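Notes follow once the structure below has been shown.
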Amino acid sequence: MSTAQILTVEPLELRFPFELKKQISCSLQLSNRSDNHVAFKVKTTNPKKYCVRPNIGIVLPRSTCDVIVTMQAQKEMPPNLQCKDKFLVQSVVATSGATPKDITGEMFNKEAGRVVEECKLKVTYVPPPQPPSPVAEESEADLLTENGNTNGSEVTRSFNDTHDSSSEARPLTSNLTEEKAAAVQQSDTHCQKLELTKQDANKHGFGSASIMFVIGVGLLSLVVGYFLRSS
């Protein structure tokens, strides 16, 4: 920050990220901390190389003004990015209510007995910001691809396990169904035999004990068949 009492200038060093064949800009901020209107003028040792907007103006009391300095596109790289260019910011108290149209060259003439404050700025070239490393981007893409393949393999493995379990359970279910059907058929056969036995007993006049025995066997077969159907 400048120690000037009329205007404070920030920064005191203009830093340009140097690139060939490209215009590069940076900014200055002029702050007026007084209750006066302050006129300023910006000069440079290399006016063909830089464009300053605005290069003259009025900073109102208790306010600020931004100045944009643009370096024209350069065709050659300076050795070791060295730069000897300088800037000078001059400031002087103006009359109340002054506008940029009221600014004249004589206002910054020290020989006229005016108090003209000056702030010198140096120029520095710095390397441009580096783009992201392509290696890092490729590594991230590979990681995403690997994760995608891993997730796909896990899904396929889970599906195959489920399919295998279903295949194993299918023969067991089929066997149980066949056994149940056989038991039901056997029960029906017993019932038919019981009916034929009763008819034969009546026909040949068997005793009541034999008939009761046959009936008991038939009931037992019915009970067994009932439980087999329920299961």
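Throughout, read-outs are computed from the coordinates displayed, never taken from laboratory work. Here the structure is a predicted model, which is why all the values come from computation and not from measurement. Cβ atoms come from the backbone with ideal geometry, glycine included; neighbour counts cover every protein chain shown.
How far apart, in nm, are the 7 Å Cα→Cβ label points at N46 and M77?
So the two model labels end up 1.6 nm from each other.
List the relative contact order of the stretch 38-120 as a percent without decimals, with contacts defined as Cα pairs under 8 Å and 6+ residues apart.
Details: 113 pairs, mean separation 29.3, N = 83.
With pairs under 8 Å counted, the relative contact order is 35 percent.
I need the per residue convex hull volume for the stretch 1-110, using only the alpha carbons, in cubic angstrom as a whole number. All intermediate terms of the calculation are to be shown ahead of the outcome.
Numbers: hull volume 11.9 nm³, N = 110.
Taking only Cα atoms, the stretch 1-110 has a hull volume of 108 Å³ per residue.
Just flag the trypsin sites (Lys or Arg not before Pro) in the stretch 1-58 sitting in loop per DSSP whose Cβ has no more than 10 other Cβ atoms within 10 Å.
K21, K48
Nearest 0.05, what FRET efficiency do E106 and R15 give at R0 = 22 Å with Cβ-Cβ as r?
Efficiency at R0 = 22 Å is approximately 0.05.
Which of the pairs K48/K101; K22/K48; K86/K110; K21/K86 have their Cα atoms more than 18 Å apart in this structure?
Numbers: K48/K101 24 Å; K22/K48 15 Å; K86/K110 20 Å; K21/K86 21 Å.
Pairs exceeding the cut-off: K48/K101; K86/K110; K21/K86.
Given a Förster radius of 22 Å and the C-beta distance between D66 and V115 as r, what FRET efficiency does 1/(1 + (r/R0)^6) yield to the nearest 0.05?
It comes out at approximately 0.35.
Binning every alpha carbon pair distance of the stretch 61-100 at 5 Å from zero, what are the percents per bin?
5, 10, 19, 19, 12, 11, 9, 8, 6, 2
Going by average Cβ neighbours within 10 Å, how do the peptides 72-79, 25-32, 102-109 rank, with the highest at the top?
25-32, 102-109, 72-79
Pull out the extension gain between S27 and I56, defined as 0.36 nm times the separation in residues minus the alpha carbon to alpha carbon distance; nm, one decimal.
9.0 nm
Assuming 0.36 nm per residue, please report the length gained on full extension of the stretch T95 to L222 beyond their Cα-Cα distance.
That works out to 33.2 nm of additional length.
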